[in-house]
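The values are calculated or read from the model by the stated rules, or taken from the named source; none is laboratory data. Fair warning: this is a prediction, and the values are worked out from it, not measured in the lab. Glycine gets a Cβ as well: all are built from the backbone with ideal geometry, and neighbour counts include every protein chain shown.
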Amino acid sequence: MVHGRDGLNIPAFGLGTWRMGESKSERAAEIAALKLGLDEGVRLIDTAEMYGGGGAEEIVAEAVRGRRDEVFIVSKVMP
């Protein structure tokens, strides 16, 4: 865990989403993979608006639906 200035304990380990959201045929498997990670205790997901042209962020949204308060989402923003 990394201790944030505001007192939050932020996980130092997370799931990455690079290359997710690029193929409609992989969508269900990608969502399932993230959900499995959450079920196994992973509490951080890393994504970016440029991954899959925003598709990765859609995958993340679906995977955390109903459990958003359980996970930290880290996203990079293009300049």
What pairs come up if the first residue lies in the range 63-74 and is over 14 Å from ASP39 (Cα atoms), the second is among the small types (Gly, Ala, Ser) and part of a loop (DSSP other than H, G, I, E, B), and their beta carbons are under 9 Å apart, counting only those six or more places apart or on different chains? PHE72/GLY14; VAL74/GLY14
How many of the residues making up the range 33-57 are farther than 14 Å from VAL74 by Cα and in contact with a Gly (Cβ under 6 Å, 6 or more places away or on another chain)? 2
If you take the residues in the range 36-54 that are touching a helix residue (DSSP H, G or I) at 6+ places or on another chain (Cβ under 8 Å) and under 15 Å from MET20 (Cα atoms), which one is surrounded by the fewest Cβ atoms within 10 Å (Cβ to Cβ)? GLU49
With GLY21, GLY37, GLY7, GLY53 as the choices, which residue is at pLDDT below 95 and either under 13 Å from the mean Cα position of the chain (by Cα) or not in a loop (DSSP other than H, G, I, E, B) (or both)? GLY53
Just for the range 55-74: of the residues that are surrounded by fewer than 13 Cβ atoms within 10 Å (Cβ to Cβ) and in contact with a helix residue (DSSP H, G or I) (Cβ under 8 Å, 6 or more places away or on another chain), which one is nearest to GLY14 (Cα to Cα)? GLU70
